[in-house]
Each structure stands twice: as structure tokens, then as C-alpha cells.
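The values are calculated or read from the model by the stated rules, or taken from the named source; none is laboratory data. Here the structure is a predicted model, which means the values were calculated and not measured. Note: ideal-geometry Cβ built from the backbone for every residue, glycine included; neighbour counts use all protein chains shown. Note: areas computed on protein heavy atoms with side chains; ligands, DNA, RNA excluded. Shrake-Rupley method; radii C 1.70, N 1.55, O 1.52, S 1.80 Å.
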There are 2 protein chains.
Amino acid sequence: MAETAKPDLFVGVDLGGTKILAGVFNSQLKLLQSAKLSTKSSRGFDAIVDRVARCVRDAVDEADMNLKQVRAIGIGAPGAVDPETGEVIFAPNLQWKEAPLKKELEKQLEIPVFVENDGNACALGVHELELKGRSRSLLGIFLGTGVGGGIIIDGKVYRGFNGAAGEIGHMVLQVGGPKCGCGNNGCFEALASRTALFREIQQRVKGGEKTILTDMLGSELNDLKSGDLRKAVRKGDKLVEKVIESAAEYTGIAVANLLNILNPETVVLGGGVIDALQDEMMSIIIETAMDYAMPGTVKGIEIVASKLGDNAGITGGAVLARQRFK
Amino acid sequence: MAETAKPDLFVGVDLGGTKILAGVFNSQLKLLQSAKLSTKSSRGFDAIVDRVARCVRDAVDEADMNLKQVRAIGIGAPGAVDPETGEVIFAPNLQWKEAPLKKELEKQLEIPVFVENDGNACALGVHELELKGRSRSLLGIFLGTGVGGGIIIDGKVYRGFNGAAGEIGHMVLQVGGPKCGCGNNGCFEALASRTALFREIQQRVKGGEKTILTDMLGSELNDLKSGDLRKAVRKGDKLVEKVIESAAEYTGIAVANLLNILNPETVVLGGGVIDALQDEMMSIIIETAMDYAMPGTVKGIEIVASKLGDNAGITGGAVLARQRFK
């Protein structure tokens with residue numbers, strides 16, 4: 001029996017502080033299958049590299065494919081990255097410094113690995129697959145557990161001097177505002193991430209305000225998810241509505257700041273929070289951004305929500321893998 | 001008698017909301033002479049173009065040179081600019097929209113004119129002449145009546161989609177903070193420009209706080225200048241010291257935001273406020289910026305004060321004129 005030609009594959013990996021997501025893509029960058037593992041970041045660098053490798057193998061197996069078909073792997077990592085050496089220079093959520101991610105993963109999998117900052121990878125995925133490369137300059141803003149960003153200038157990822165550009169989550173919007181995980185106060189991330197939304201709701205509940213979330217989840221609100229906020233607000237919950245509106249306004253001001261600084265052609269918002277609360281947040285974000293941005297910066301630009309949702313990172317990883325693999 | 005060879009000249013113009021400064025430079029970009037005129041912005045576009053032309057002629061005359069020796073003129077204008085057509089798209093301080101500055105000025109002077117945003121022009125001047133082009137990415141922050149900015153990426157001015165990038169003065173740092181001239185609240189410009197410093201001092205004096213500035217200038221403090229603040233603080237004036245420290249801290253937070261977003265190799269601070277108060281402000285700015293910036297962004301970068309002072313704009317204009325003139 002003649003052997004069937006085995007298609008070339010690319011794997012995109014989204015390495016986060018809490019979970020690893022790996023996606024197997026064909027050479028047209030269609031997603032075939034994906035797999036998920038928790039990161040277990042406290043176990044240290046070697047263990048995490050093992051888990052990334054396992055997650056890649058799992059995804060390939062889910063797709064009924066063979067690891068030998070994978071031409072390259074692209075990874076988005078949560079920190080500053082040297083795209084040449086594939087070293088993660090600094091990743092606070094993983095407690096990594098100068099971690100040789102590319103080198104160790106290539107040793108385990110014997111496949112070329114390319115590493116990029118996670119925000120950049122997401123922006124790359126949106127730019128190449130969702131917008132088909134038609135925007136010359138793009139700013140990606142991803143609201144999840146934290147707030148990530150990625151900047152595309154002249155069609156290429158903009159990394160800055162130390163590979164650390166696009167850390168928009170730690171742009172201070174409110175000097176003296178709520179404490180951020182980074183140690184500063186009033187960062188965009190401390191005002192509009194999922195973490196910020198949940199903390200604000202929990203504090204208000206402790207302060208005696210009422211929400212149907214406590215009927216849904218109990219008074220501690222331990223297992224709160226972005227989807228619960230959507231359910232609550234659609235049932236007319238005023239507390240949740242106020243908190244979401246406030247986060248959307250802060251996000252709009254952040255977008256305006258970035259429009260004034262970078263004047264990109266396209267702003268794309270994504271991540272779990274936008275994915276769950278797009279209908280509630282996007283119109284407020286756009287209205288606030290247009291109100292705060294200088295008139296010169298907004299003519300002909302667009303501000304849109306990404307449709308890639310949680311798959312933006314693996315998509316970007318696959319784009320990276322295909323771009324860099326020659 | 002044999003005729004002496006007449007050297008080629010380039011003229012740089014800094015067109016501001018209140019004054020026009022023109023500088024005559026030789027082909028090595030050494031400043032020979034300069035001239036100054038008030039802008040009289042209320043008189044409208046044609047009158048301002050006449051005044052720019054007059055200021056150029058005055059500067060050339062001051063240098064004992066002839067207008068025929070001027071090969072090109074470079075102008076920094078306070079707004080969004082189309083560098084190809086030389087049109088000023090939007091300049092709120094001049095109340096201009098789609099103003100054909102290049103075209104009209106070339107008609108009057110019969111010399112090629114190139115137009116750039118003023119913050120970009122200043123950044124270009126600092127990058128080319130002060131740093132000798134050695135930094136690949138530079139962010140210029142200019143604190144004067146307002147706050148201007150200019151971004152150099154890969155050795156070139158970064159303009160963004162509408163030519164309006166670098167409007168860092170309207171980055172909101174303090175949602176709900178003091179009113180800004182742009183209509184928003186809590187902009188960098190409303191917290192650290194000369195206008196902001198003066199307003200804060202005047203309000204505190206009205207509120208009963210004491211300063212030796214009132215002995216120097218009378219209780220209305222009408223003719224306050226940046227240099228007066230320097231004199232006061234050097235005489236131990238606590239009110240002025242506090243206000244300057246606060247502005248320096250806000251500036252440091254703004255620098256950190258921009259480091260996190262753009263991760264440039266070099267940040268240069270300039271403009272009249274920095275020129276007058278460099279010794280009082282720079283160490284606080286740098287310390288605050290380093291404190292707020294993400295660790296990944298600051299390794300090997302430098303934050304410095306420009307030595308070009310008020311001449312940054314005309315220097316940048318001359319650099320632009322020489323670059324674009326072929």
C-alpha cells in the first residue's frame with residue numbers, strides 16, 4: 001500500500017502563569033486540535049519545560065498526527081524575550097530570569113523552537129490571521145488575568161531595546177490608585193484586568209453591596225469567572241454593571257493614551273475579559289477612547305474586538321513558527 | 001577682486017503657539033545666528049506665514065548672509081503634520097486645520113520647505129546633533145508651556161498612521177486630575193508643564209501658602225518664569241520646592257509608562273522647564289522612572305537631559321532641512 005503524504009504542521013504554544021495551551025495548525029494555519037495543561041509555575045524552569053513539551057505532544061496526539069510532521073514551534077511567553085536566542089530574559093509570573101527556553105525545548109523535542117513575548121505573539125496572530133496583514137500598524141490589548149499588549153509597526157513586531165516593549169498593563173492611569181501585582185499603584189492592569197474586576201466586586205460585597213453573584217456562587221465568590229459577570233449583568237445586576245462600566249472606561253482611557261502616543265492604524269482588544277464581556281464593554285471603550293484621544297490621531301483608524309478569543313496566543317505562536325521556519 | 005565662495009546654509013524654524021524662532025546653520029549644522037518673533041496666532045494663517053518668512057529673513061540677515069544661500073528650510077509645527085505634502089493637518093494652538101504651510105512658505109521664499117511635528121523635530125535635533133545618531137530608538141520629552149514628545153525608531157522619526165504619534169502630553173496619568181487645555185483631566189501636560197507648575201503655585205498662594213515669589217513678583221505672580229522658580233527654590237522656598245518635586249514625580253511616572261510601552265534605548269528630556277530646573281528635577285525624574293518601570297525595560301538604557309535647551313526645535317528643523325534636501 002502506498003504511503004499517504006503526511007502534511008506539514010506548525011505548533012503554537014501560549015505559555016501563561018497559570019496554564020499552557022498548545023495548538024496544532026496545518027501549513028495554511030488552520031487549527032486542527034489543541035491541548036491544555038496547568039503551568040505549575042512553582043515547580044521551576046525544568047518542570048515547566050517538561051510540561052510544555054508534554055502539552056505539545058498531547059496536542060499532536062489529539063490531532064492524530066506525528067511529532068515528526070511538526071516543522072517548527074512558536075511560543076508566546078509572559079515576559080521580556082530575546083527573539084534571537086529564544087531566551088526569556090525576565091518573566092515575573094514564572095519567576096524566570098535568563099531562562100533558555102528555546103534551547104531546552106529543542107533538546108527535548110528535536111524541533112526548531114521560536115520564542116516571543118506573549119502579547120506580541122497575540123498581536124501577531126490577530127494581525128496575520130484575523131486582519132490578513134492589512135493593517136500596517138496595530139496595537140493589541142489583551143485583558144485577562146493581567147493585561148498584555150503587543151505592538152506591530154510596519155507590519156513587524158516592535159520589541160524595543162530590551163525586547164520588553166508593549167508592557168501596556170503597567171501604564172499608570174491613576175497615580176495613587178489600587179495596588180498592582182507589580183508593586184506600583186494605579187496601573188491599567190490594576191483597574192481593568194479580570195483580577196481587578198473580581199477584587200472590586202469582592203470588596204464591594206464585603207462592604208455590604210448586593211449582587212446576584214452571591215446567590216450564584218456563595219458569599220465568598222471564590223470561583224468567580226468572567227462568564228459569571230456576563231450572566232449577572234444580563235440578569236440586571238447593578239453592582240456588576242457598574243464595575244464593568246468602570247473597567248471599560250479605564251480601558252478606553254488607556255486606549256486613548258496609546259492612540260496619542262503610537263497613533264496606530266488599528267487597535268484590537270482581546271483576551272478572556274473582552275471575550276466574555278464584549279457586548280457590555282466595547283461600545284464604552286470605543287466611546288471613551290474617541291472622547292479622550294487627540295482629534296489628529298483618530299481619523300480613519302479602527303478599534304475592534306478580536307474574534308480569536310483564547311486562541312490568539314496559540315495562533316500567534318503558529319504564525320511565528322511558520323514565519324521563522326525557513 | 002575674485003568673488004568669495006558663499007557657503008550653503010540651512011534654516012531651522014521652531015513655530016510655536018506664542019513665538020517663532022528661526023536659526024541659520026552652516027552645512028555642518030553649526031548655528032550661526034537666530035531670530036525671534038511673536039507668533040500672533042490670532043491673526044490667522046496668512047499672517048503667521050508672513051511672520052515665519054520674516055523671521056527667516058531676519059535670521060539670515062543677522063548672520064550677514066543672503067537668502068539665496070539657503071538650500072532648504074525645516075519647520076517644526078505644533079500639531080499633526082503630513083511630512084510629504086507639508087500640510088499641517090491639525091494644530092489646536094494655532095487654530096489651524098489642513099493648513100498648506102510648505103506650499104505658501106515656498107511661494108514667499110522660493111526655497112524648499114520641509115515640515116515636521118515640533119516634538120518630532122526636537123527629537124530629531126537631539127538624536128542627530130547631540131547624540132550623533134548613536135541611539136537606535138529615542139524618546140524625546142519636552143516640558144515647556146505644554147508637553148511635547150517625539151519618537152525615533154530605527155533611527156527615523158516615527159509618525160504613526162495620521163502623523164500624530166508622540167502626543168505624550170495628553171497621556172492621562174491621573175483620571176479625574178487637574179483640567180488640561182485639551183479638555184480632558186489629569187493629562188501629563190496638566191501635571192508637569194510650566195502652565196501646570198504656575199497654576200499650582202498661584203492656587204496655593206491664593207489658598208494662603210507663603211512663597212518668596214510674591215516678594216519677587218507681587219501677589220498676582222503675573223510675570224512668573226521658569227527661572228523664577230529656580231531662584232526661589234535655591235533660596236530655600238518650600239512651596240516652590242514641593243510643587244517642583246511633585247511635577248518631577250509625575251514626569252518620572254510618565255517616563256516609566258513610556259519605557260514600559262516603547263522600551264526605547266534613550267530618553268531625552270528637554271524644553272524650558274528642564275532647562276531651568278534640571279538640577280532640581282532630573283534626579284527625581286530618573287529615580288521615579290526606574291522605580292515604576294518594569295525591570296525588563298531599563299537594562300542599559302539612559303535617561304538624560306538635553307543640552308540644546310530652547311534651540312532643540314531650530315536644530316531639528318535644520319537637521320530635517322539637510323536630510324530632506326537632495
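Miscellaneous remarks
- Charged-residue dipole, Cβ positions (Lys, Arg, Asp, Glu), segment A:13-67 about Cα centre, Debye nearest 20: 200 debye
- Dipole magnitude (debye, nearest 20) for segment A:136-308, charges at Cβ of Lys, Arg, Asp, Glu: 200 debye
- Cα-based shape type of segment B:1-142, given that a ≥ b ≥ c are square roots of the gyration tensor eigenvalues and the cut on a/c is 1.5: oblate
- Compactness of segment A:210-326 as Cα Rg over 2.2 N^0.38 Å, two decimals: 1.28
- Dividing the convex hull volume of the alpha-carbon atoms in segment A:111-153 by its residue count gives 89 Å³ per residue.
- Once the C-beta distance of A:A47 and B:K179 is scaled by a Förster radius of 51 Å, the resulting FRET efficiency is 0.45 to the nearest 0.05.
- Accessible-area value, B:M216, 1.4 Å probe, nucleic acids and ligands omitted, Å²: 70 Å²
- Around B:L191: net Lys/Arg minus Asp/Glu count, Cβ-Cβ under 10 Å: -3
- At least 15 Å along the helix axis (C-alpha) and Kyte average at least 0.5, DSSP helices within chain B: B:238-262, B:272-292
- Stretching the chain fully between B:F325 and B:E62 yields a gain of 92.3 nm (0.36 nm per residue, less the alpha carbon separation).
- Proximal lysines relative to A:K103, as straight alpha-carbon distance under 25 Å, when same-chain residues fewer than 8 apart are discounted: A:K19, A:K36, A:K40, A:K68, A:K156, A:K326, B:K299
- Calculated FRET efficiency for the pair A:A5/B:S27, C-beta based, R₀ 51 Å, to 0.05: 0.20
- Peptide B:174-184 - average C-beta neighbours from other chains (10 Å radius): 3
- Sorting B:F25, A:F114 on solvent-accessible area from highest to lowest, probe radius 1.4 Å, gives A:F114, B:F25.
- Shielding value for A:152-160 is 3, the average number of Cβ atoms from other chains within 10 Å of each residue's Cβ.
- Based on alpha-carbon atoms, the Kirkwood radius and the radius of gyration of segment A:136-308 give Rg/Rh equal to 0.99.
- Taking θ as phi - 60° and the Karplus parameters 6.51, -1.76 and 1.60, the scalar couplings of segment A:143-151 work out to 9, x, 3, x, 10, x, x, x, 10 Hz in sequence order, x denoting glycine and proline.
- Computed E for A:S38/B:K156 - FRET, C-beta separation, R0 30 angstrom, nearest 0.05: 0.10
- Legend: mean number of C-beta atoms from other chains within 10 angstrom of residue C-beta atoms, peptide B:262-269, equals 4.
- Overall shape: prolate for chain B, with the ratio a/c of the largest to smallest alpha carbon gyration tensor axis at 1.5 or above and a/b above b/c.
- For a label point 7 Å along the Cα-to-beta-carbon line of A:D291, residues of segment A:245-268 with backbone N under 16 Å: A:245-257
- Only DSSP H runs of four or more residues enter the estimate; each adds -39500 (n - 2.57), and after division by the residues of chain B the mean residue ellipticity at 222 nm equals -12500 deg cm²/dmol.
- Here the Gaussian network model covers chain B, with springs between Cα atoms less than 10 Å apart; of B:L269, B:L129, B:L217, B:L217 fluctuates the most.
- Note on the protein assembly as shown: Cα-only Rg and Dmax are 27.1, 101 Å.
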